[in-house]
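One structure below.
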Amino acid sequence: MRGHFITLEGGEGAGKTTLIQALAEKLRARGIDVVVTREPGGTPGAELLREILLTGSTDRWSSMTEALLMYAARVDHVERLIAPALQRGAWVLSDRFADSTTAYQGAAGGVPIERIKLLHQAALGNFKPDLTLILDINPQVGIQRTIARGEDATRFERFDPGFHGRLRQAFLDIAEDDPERCLVIDGSETAETVFRHAVAAIDGHLGARLL
Ligand code: T5A
């Protein structure tokens, strides 16, 4: 029996990593085989690409080059980790996936969305998540959270405020275009409230009965 593929999306510091950990704990407590992963990354090869994508100056790569590198990492991730896990019946929770390329390199970075769709089709065909939870938050609040955590900013966190505003709108547009797959959750709520909404969404979309 194929497992389930759930992705978490949103701007910087929206709370994806916090939520994914809580969801994994909940699912494991129900005896479910859970794989937690992230993009860019998730396999040794894709983690190498993550390193060159997230470090360096903001103009290190053009948005199109970024999109190609993201998809190179994504194909490795799907082929070597996600697809085999789904085939053995595991639930895969991924911190970001293809919608991030549409939002970051496409809507915010300027690559035409049609080109990104073609790239996706060429790289992965119709492969997509069963459910995508989009954490929506004011970008200033999200970035403030990551700064408060005390880590160095990644290349993307250093982009200008206009970039992050376009990004937020892009994720909302993605959800509107694909309401069967995507659900928007208010990321400014407490972590407990965000978690409750996410569990309800998983129950509603996948019939999981976690509540
Ligand atoms: N990227 C990625 C692309 O450009 N294109 C692509 O195709 C892909 C796949 C990844 C970067 O790559 C870009 C996007 C990104 O810029 P990353 O370091 O993984 O880089 O960055 P993020 O995915 O944005 O991860 P962050 O860790 O910055 O944000 P999260 O995971 O959304 O937030 P989280 O959970 O770590 O929380 C941040 C802080 O807020 C607190 C947490 O404790 C933490 O301190 N927090 C809350 N505080 C209050 N209320 C809540 N509800 C909270 N939830 C969490």
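What follows draws every value from the coordinates through simple rules; no lab data is involved. Bear in mind that the values here come from a model prediction, so they are computed numbers and not experimental data. Neighbour counts are summed over all protein chains in view; Cβ atoms, including those assigned to glycine, are modelled from backbone coordinates with ideal geometry.
Quick notes on this one:
- The Cβ shell under 15 Å around residue 114 holds other residues with a net charge of 0, Lys and Arg each +1, Asp and Glu each -1.
- In the chain, Cα pairs under 8 Å separated by at least six residues give a relative contact order of 32 percent.
- Among 124-130, 197-203, the order from most to least packed when residues are scored by Cβ within 10 Å on average: 197-203, 124-130
- Cα gyration tensor shape for the stretch 158-211, rounded if a/c is under 1.5, else prolate or oblate: oblate
- When you count the other C-beta atoms within 10 angstrom of each residue and take the mean per peptide, 76-89, 38-51, 1-14 line up highest first as 1-14, 38-51, 76-89.
- The stretch 28-70 and the stretch 129-166 have Cα centres separated by 16 Å.
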